[in-house]
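First up is the structure itself, then whatever we jot down about it.
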Amino acid sequence: MSEEKLELAEEHTIVDPMAAIQEKVRACMQCGTCTGSCANSFAMDYTPRQLWRMLQLGLTDELFNSKTFSLCSSCYYCTLRCPRGLPLTEAIHSLKQLAVARGISEKKGSRFYRTFVETVRRYGRVREMELMARYFLSMKSPILPLSFTPLGVKLMLKGKVSPEMPKLYGPGKLDAIFRKVEQVEGSS
Amino acid sequence: MKYFYYSGCSLEGTALEYNISTQAMMRALGIELLELEDWTCCGASAAESISDLLSLVLPARNLALAEQMDMDCDFLIPCSACYLNLRKVDERAKKEEGLLDKINEVLGEEGLGYHGGIKSRHLLDVIVTDIGPEMIRSQVKRELSGLRVALYYGCQALRPYGGYDDPEQPRCMEPLIEALGAEVHDWTMGAKCCGAGLMTTKKEVAIELTSSLLEAAKGADCIATVCPMCQMNLDSYQKKASEVKQENLSISVFYLPQLIGMAFGLGEEDLKLGLNMAYTNSLKAKLAEYRVGITQQ
């Protein structure tokens, strides 16, 4: 290990990300309050309760192949009601992060998040029109934009979105911060 | 009263009317809002799906800018997702030792630092706790009598952080609406989810949620919201929702400050009702009776 790497390793404790997520739900007793409280469980292949069990048992492949965590809309009902007080919504976010990091995240969701964050890195703020244009480009789907066209046109007519780039900031507004985040996270 | 004002990205675009009406309402109440010139995105729900540290650094950058101003003010945040993200920094820092150091290691790249302690508060919290129904009532110029409002709080204004209302059965907007002379629509959907970002990535799922909300709002003249994402989901997909439920579910969806502003007698330049997608003709006729949107001579 080079000296620099050694120094970074000392600075940030090395943890297995999967183990850290498992730890969040270790005390789950499978009561199902989360599933009963979830707004989107009707559309999931595995219910939230089942997802925690898969996580406890380390069924990683089944877990990342399921649609469940990409269907979380962060309403925080499960977190609020969990009798064990577990940070369930946070666990879902961690799963999303890990799926993105391992390149196994479900296409639509992760592309959208990546495009979003990229716009923030460039301009500091989000311009909705540009975000959607970049998202459509990344999806390479000729049909997807059509489902959003009526809304886009209405928004433009109201003057709420403009196809212009934001003028306030030049490219790379938050470059330094993003680079540093990657460096710190890459070393932990 | 004085607050740091964090409008957030949506309020510069699709939720412009929320921004304009909030500022106008505060002006009418004599409350000063200080906007930080160099504010940047809070990360919304996207950053937390990519990187935990990024999802903390992005909101913390704004808290650091406020810290530099060295003033004893709370942050006032109209967007529920921005509110959650800014508040999360302090809530997590309280529990996780060394977290602020890690955040500051990144913010140091811009010569910034945040040491905690600035209170991030939702606009709704400020309206109900600091301003209160009595102060609202004292400014009412046109009572909105006969107007039935479905009060919609959404998720992230109440959960996981809140502390100013019941996170499952919120009622804090009721005395405000009554102070305006309006009536409260009886429903149990006030704290249910609108589908949030799933409207972009899983539209058919989000439409299920919004259509159930719109269906339950039947009988009300309009819906009051305190979040740009909720407003957009309820406001902009009514045609689709009506198809799903096979009935006409069109209803006007206003931001709470727009409703308060109506009763304050503010003009269209402050209310921007014309920017709302769904502003039904039946409601326009009703509001014309209160001379809403017409600037007083």
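The values are calculated or read from the model by the stated rules, or taken from the named source; none is laboratory data. All figures in this text were calculated on a predicted structure; none of them were measured in a lab. With ideal geometry, Cβ positions are generated from the backbone for all residues, glycine too; neighbour counts draw on all protein chains shown. Keep in mind that these areas ignore ligands, DNA and RNA; they rest on the heavy atoms of the full protein, side chains included. Shrake-Rupley method; radii C 1.70, N 1.55, O 1.52, S 1.80 Å.
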Item to complete: Could you give the size of the charge dipole of the protein assembly as shown about its Cα centre, using +1 on the Cβ of each K and R and -1 on the Cβ of each D and E, expressed in debye and rounded to the nearest 20?
Response: 1600
Discussion item. Return the Rg/Rh ratio of the protein assembly as shown with Cα-based radii and a Kirkwood Rh.
Written reply: 0.96
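Could you work out the local net charge near B:Met277, counting Lys and Arg as +1, Asp and Glu as -1, over the other residues with Cβ closer than 15 Å to its Cβ?
So the environment of B:Met277 carries a net charge of +4.
Translational D (Stokes-Einstein, µm²/s) of region B:132-289 at 37 °C and 0.692 mPa s when Rh comes from the Kirkwood sum over C-alpha pairs?
Rounded to a whole number, D works out at 207 µm²/s.
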Practice prompt. Taking a cut-off of 13 Å between Cα atoms, list the aspartates and glutamates near B:Lys119, but don't count ones fewer than 8 places away on the same chain.
Written response: B:Glu67, B:Asp72, B:Asp74, B:Asp90, B:Glu91
Fill in: In nm, spacing of pseudo-spin labels at A:Cys31 and A:Ala101 (7 Å Cα→C-beta vector)
3.0
Practice prompt. Determine ³J(HN,Hα), in whole Hz, for all residues of region B:63-76 in sequence, where each value follows from phi through the Karplus function 6.51 cos²θ - 1.76 cosθ + 1.60 and θ = phi - 60°; x replaces Gly and Pro.
Written response: 5, 5, 4, 5, 4, 4, 6, 6, 10, 8, 10, 8, 7, 10
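Less than 13 Å Cβ to Cβ from A:Met29, Lys/Arg counted +1 and Asp/Glu -1: what total charge do the surrounding residues give? Before the final figure, lay out each step's value.
Values: positive: A:Arg26, A:Arg49, A:Arg53, A:Arg84; negative: none.
Neighbour charge sum, excluding A:Met29 itself: +4.
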Worksheet, complete the sentence: Between the Cα axis of helix B:16-28 and the main Cα principal axis of chain B, the angle (0 to 90°, nearest 10) is 90
Worksheet entry | Modelled label reach - A:Ala133, point 7 Å along Cα→Cβ, region B:16-40 residues with backbone N closer than 20 Å | B:16
Worksheet item: So which aspartates and glutamates pass the test for B:Lys272, namely a Cα distance under 12 Å, with those fewer than 8 places away in the same chain ruled out?
Response: B:Glu17
Fill in: Cα-derived Rg over Rh, computed across region B:102-176 with Rh taken as Kirkwood radius
1.16
Worksheet entry | Order of exposure, largest accessible area first, which applies to A:Arg26, B:Arg121 with probe 1.4 Å | A:Arg26, B:Arg121
Practice prompt. May I ask which of B:Lys88/B:Lys192; A:Lys158/A:Lys180; A:Lys140/B:Lys88; A:Lys180/B:Lys2 have a Cα-Cα span longer than 29 Å here?
Written response: A:Lys158/A:Lys180; A:Lys140/B:Lys88; A:Lys180/B:Lys2
Worksheet, complete the sentence: Along region B:8-14, Karplus-curve 3J(HN,Hα) (6.51, -1.76, 1.60; θ = phi - 60°) to the nearest Hz, with x for Gly and Pro, reads x, 5, 4, 6, 8, x, 5
Worksheet entry | B:Asp221 long-range amide H proximity, modeled H, under 5 Å | B:Arg148, B:Val149, B:Ala150
Fill in: Loop-resident sites, region B:66-112, for GluC sites (Glu not before Pro), counting at most 12 other Cβ within 10 Å (DSSP)
B:Glu96, B:Glu97
Worksheet, complete the sentence: Projected onto the charge dipole of region B:184-284 (unit charges on the beta-carbon of Lys, Arg, Asp and Glu, signs +1, +1, -1, -1), the Cα from B:Val205, B:Pro228, B:Ser282 with the largest positive-side position is that of B:Val205
Response to the item:
Within the under-11-Å Cβ sphere about A:Ser74, not counting A:Ser74, Lys/Arg +1 and Asp/Glu -1 give a net charge of 0
Worksheet item: For region A:111-140, which trypsin sites (Lys or Arg not before Pro) are both in a DSSP coil and crowded by at most 16 other Cβ atoms within 10 Å?
Response: A:Lys140
Item to complete: Round to the nearest 0.05 the FRET efficiency obtained for B:Lys284 and A:Ser147 when R0 = 22 Å and r is the Cβ-Cβ distance.
Response: 0.15
Worksheet item: Helix B:80-95 versus the longest principal axis of chain B: what angle, 0 to 90°, nearest 10, using Cα atoms?
Response: 30
Worksheet item: Out of region B:160-204, which GluC sites (Glu not before Pro) are coil in DSSP terms and have no more than 16 other C-beta atoms within 10 Å?
Response: B:Glu168
Response to the item:
Rg/Rh of region B:2-143 (Cα atoms, Kirkwood Rh), to two decimals, equals 1.00
Worksheet item: Looking only at other chains, what is the average number of their beta-carbon atoms within 10 angstrom of each beta-carbon in A:147-157?
Response: 2
Practice prompt. Quick one: Debye curve from the alpha-carbon atoms of chain B only, equal weights, vacuum; give me log10 I(q)/I(0) at q = 0.07, 0.09 Å⁻¹ to two decimals.
Written response: -0.26, -0.43
Item to complete: Return the whole-Å distance between the Cα centroid of region B:142-200 and the Cα centroid of region A:114-136.
Response: 30
